[in-house]
Amino acid sequence: MFRRKHTSHFNLDDAEQRQAKINELRAALGPLSANGEKYCNEACLERYLEARNWNVDKSRKMLEQSLKWRADNRPEAIRWPDVSAEAETGKMYRASFPDREGKTVVVMRPAKQNTSSHEGQVQHLVYTLENAVLSLPEGQDKMVWLIDFTGWTLAHATPIKTARESMSVLQNHYPERLAIAFLFNAPKVFEASFKVLKRLVDPKSLKKLNFVYKENEESMKIMYRHIDPEVLPVEFGGQNNVVYNHEEYSKLMTKDDIKTASFWAADVNDVTNGHSVPEVTPQSSLVVSKES
């Protein structure tokens, strides 16, 4: 009596079908601003499709929300002087070492928290993410997180408002940017906080979180499979005798700000609030200096 509707099945392994979805999403977005066009390259469209299980309508809504968020907050316009005070203790920075595949590594050390500013902490996170993304080598679009809990206590727990907004930023506006995360030396007391935080994390991201402990050889092997111990700093169980140096990192971020301005076609003089800056040759960012 009733004819069954024909439903086409999307095959993720079919390159032509993936491309058709990307083209469909691009058409659904309509005209974009210059920054929107630059942001919505093919890899970006694919990440948003992946985040919404290749549902074009859901991906379009998610991407439109990100474009509005970027227009309202202008993350590409954040400069080092805006966040330098937040970064003084080295609580979050782009590492000098990549993973074995060349992906950018972002180090987070919550026990080094040095401010109580909700806005400042979120801005620092966004600045670090933008910097990490622009530092990814060609062919890579995901990063690695190394979250060091050494010295962490409940006194260092992130306020729920800041944790909620940080997770919202990460999941809604930087989808499919995380390759894997290592939670290093997390204390038992962190487990209670983690149970609350888990509710804010999508299931796909949860699967990427790995607890590793310096004294547990088997768990460290998981991290070593992704990060060569020869480049990994000693404090994280590696062999590289380097530590965070804020002065050196500041110099490098100032140079990176010029590259950011160039990428987004901003006035380079705006980078340092009107002060002229010598042109620099792009280079790998060294965020730490050798221990004396």
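List of remarks:
- Rh (Kirkwood; distinct C-alpha pairs) - the chain, Å: 20.7
- Surface accessible to a 1.4 Å probe, per residue, for the residues of segment 139-187, Å²: 40
- Three semi-axes describe the equivalent ellipsoid of segment 1-140; taken as square roots of 5 times the Cα gyration tensor eigenvalues and ordered largest first, they are 36, 18, 15 Å.
- Solvent-accessible surface (1.4 angstrom probe) belonging to Arg52, in square angstrom, nearest 10: 80
- Here Asp148 sits with roughly 10 square angstrom of accessible surface, probe radius 1.4 Å.
- Surface listing: Val83, Val189, Val201 arranged by accessible area from highest to lowest gives Val189, Val201, Val83, probe 1.4 Å.
- Taking His9, His246, His226, His124 and ordering them by how much accessible surface each has at a 1.4 Å probe, largest first, produces His9, His226, His246, His124.
- Phi-derived couplings, Karplus 6.51 cos²θ - 1.76 cosθ + 1.60 at θ = phi - 60°, listed residue by residue for segment 140-147: 10, 9, 10, 10, 10, 10, 10, 9 Hz, with x used for Gly and Pro.
- Heavy-atom accessible area ranking, 1.4 Å probe, most first, across Asp99, Asp82, Asp141: Asp82, Asp141, Asp99
- Computed from backbone phi with θ = phi - 60° and the Karplus coefficients 6.51, -1.76 and 1.60, the 3J(HN,Hα) list for segment 9-18 is 9, 7, 10, 4, 7, 8, 4, 5, 5, 4 Hz; x is used for glycine and proline.
- Per-atom-type breakdown for segment 37-123 gives carbon and sulfur 43% of the accessible area (1.4 Å probe, protein chains only).
- In this structure the amide hydrogen of Tyr244, modeled in the peptide plane, comes within under 5 Å of no amide hydrogen from residues 5 or more places off or on another chain.
- Between the C-alpha center of segment 23-62 and that of segment 205-269 there is a gap of 29 Å.
- Listed by chain and number, the lysines whose C-alpha is less than 19 Å from the C-alpha of Lys195, apart from same-chain residues fewer than 8 away, are Lys161, Lys204, Lys207, Lys208.
- Flagged links, alpha-carbon separation over 22 Å, of Lys112/Lys188; Lys68/Lys259; Lys142/Lys259: Lys68/Lys259
- For the chain, the longest principal axis of the alpha carbon atoms and the long axis of helix 56-73 meet at an angle near 40°.
- Angle of helix 118-134 to the longest C-alpha principal axis of the chain, folded into 0 to 90 degrees and rounded to 10: 70°.
- Per DSSP, loop trypsin sites (Lys or Arg not before Pro) in segment 148-191 with at most 14 further Cβ within 10 Å: Lys188
- Relative to the longest principal axis of the Cα atoms of the chain, the long axis of helix 160-173 lies at roughly 50 degrees.
- Sequence-distant aspartates and glutamates (8 or more away, or on other chains) whose Cα lies within less than 15 Å of Lys103: Glu130, Glu138, Asp141, Glu176, Asp228
- Low-density loop cleavage sites - GluC sites (Glu not before Pro) in segment 104-146, where at most 12 other Cβ are within 10 Å (DSSP): Glu138
- Measuring nothing but protein heavy atoms, the accessible surface of segment 194-264 at 1.4 Å probe radius is 53 percent carbon and sulfur.
- Per-residue SASA entry for Ile258, accessible area with 1.4 Å probe, Å² rounded to 10: 20
- Positive-end ranking of Val106, His246, Asn53 along the dipole of the chain, with charges on Cβ about the Cα centre, is headed by Asn53.
- Loop-located chymotrypsin sites (Phe, Trp or Tyr not before Pro) in segment 2-98, at most 10 other Cβ atoms within 10 Å (DSSP): Phe2
The values are calculated or read from the model by the stated rules, or taken from the named source; none is laboratory data. Here the structure is a predicted model, which is why all the values come from computation and not from measurement. Here Cβ is always computed from backbone atoms with ideal geometry, including for glycine, and neighbour counts include all displayed protein chains. Ligands, DNA and RNA are excluded from the accessible area calculation, which covers all protein heavy atoms including side chains. Shrake-Rupley method; radii C 1.70, N 1.55, O 1.52, S 1.80 Å.
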